[in-house]
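The values are calculated or read from the model by the stated rules, or taken from the named source; none is laboratory data. In this text the structure is predicted, and so the values were computed from the model without any measurement. Don't worry about glycine lacking a Cβ; one is built from the backbone with ideal geometry, like all the others, and counts go over all protein chains shown.
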């Protein structure tokens, strides 16, 4: 995650387009979060987490 932010900061310095670069960065973070969340939900269902006992 820090690598994405560091690379975005480098691009802002060289390209002078912070809005576009940080917008893409936010979308990348959102995609990662959604993928991880979906994976965790899938694992929880496979393990039977959240079932009433």
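Confirm whether residue 19 is surrounded by 11 or more Cβ atoms within 10 Å (Cβ to Cβ) and at pLDDT 95 or above.
no
Any idea which of (1) part of a helix (DSSP H, G or I); (2) modelled with pLDDT under 95 is the one residue 49 doesn't satisfy?
All conditions pass for residue 49, except number (1).
Going by what's in this entry, would residue 28 be described as surrounded by fewer than 10 Cβ atoms within 10 Å (Cβ to Cβ) and under 19 Å from the mean Cα position of the chain (by Cα)?
When the stated conditions are applied, residue 28 does not pass them.
For residue 12, indicate whether it is surrounded by 10 or more Cβ atoms within 10 Å (Cβ to Cβ), in a helix (DSSP H, G or I) and under 17 Å from the mean Cα position of the chain (by Cα).
Here the answer is no, as residue 12 does not meet what is asked.
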